[in-house]
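To start, the structure itself, in structure tokens.
No value in this document is a laboratory result; all are computed from the given coordinates. Bear in mind the structure is a predicted one, so any value in this text is a computation, not a measurement. When we count neighbours, we look across all protein chains shown, and the Cβ atoms used for this are built from the backbone with ideal geometry, even at glycine.
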Amino acid sequence: MQLDVYLDTICPWCLIGKRRLEQALELWQGQQLPRIRWRAYQLNPEMPPEGMDRKSYLRMKFGSDQGAQRVYRSIAETAAEEGLNFNFDAIQRTPNTLESHRLLRFAERHGLQDQLLERLFQGYFLEGANLGNSAVLIRLARESGLPGREVEAYLASDEERYAIRQEDTQARMNGIVGVPCFLGNGRYALPGAQPPEALVRLFELMQQDGHTATEPADSSV
């Protein structure tokens, strides 16, 4: 059973979805747990490498400060139900997330992808960390248990930068238009921060299917 979860590291609904997935895994009584892989999707693929001032970005996206406040107030209320206390006021910049996705690929090699993703989420939504800044990413990686010098060398290279862009492009070609999106066995797509019970039903389909795909099929969504 392979569960590919498409997400962006600055998407609040993705952290909410992660919490609900964790609850679903606790509820699941099946024969095996799904293998989870966090996959790259950029909400703002055209974001400049240096990112943007957060307030300017929100005004551009929602039309006004008041519009953004309404949206994020609703998100914060939903997050609180999952035990998450987002600190949106601490976020000063909206980053380009390409480098954070690359770092998640690196962490996967070390078996620390989930730990790093959690630290990236905590850093961004609770501490206002700039996930587009290499020094910040290196610090968060170290705090996740990754080897600092190897992380520095990796981020300084171009390794897997093209692969991340291709993964994002392929997701859009497969019909994924928002995140989180849960893709079971490369065949069953469940979009949005679904409740745990819906994710358990997805696990049931995956178990009945008997088909495990290491890569999503192009026609799966």
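Quick look at the values:
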read-out: Simple Cβ-charge dipole of the chain, Lys/Arg +1 and Asp/Glu -1, about Cα centre, in debye nearest 20; value: 300
read-out: Antiparallel DSSP beta bridges within the chain, as percent of all bridges there, nearest 5; value: 60
read-out: Peptides ranked, highest mean first, by Cβ atoms within 10 Å: ranges 62-71, 138-147; value: 138-147, 62-71
read-out: Residue-count net charge about residue 85 - beta-carbon cut-off 14 Å; Lys, Arg +1, Asp, Glu -1; value: -3
read-out: Three-way shape label, the stretch 24-149, alpha-carbon gyration tensor, a/c 1.5; value: oblate
read-out: Residue 90/residue 207 FRET efficiency (R0 41 Å; Cβ-Cβ; nearest 0.05); value: 0.50
read-out: Value of [θ]222 nm, deg cm²/dmol, for the chain, DSSP H segments ≥ 4, -39500 (n - 2.57) each, nearest 500; value: -16500 deg cm²/dmol
read-out: Order of 101, 110 - criterion: other Cβ atoms within 10 Å of each residue's Cβ, fewest first; value: 110, 101
read-out: Residues residue 23 and residue 56, FRET efficiency given R0 of 41 Å [Cβ-Cβ distance, rounded to 0.05]; value: 0.70
read-out: Viscosity 0.692 mPa s, temperature 37 °C, Stokes-Einstein D of the chain from Kirkwood C-alpha radius, µm²/s; value: 183
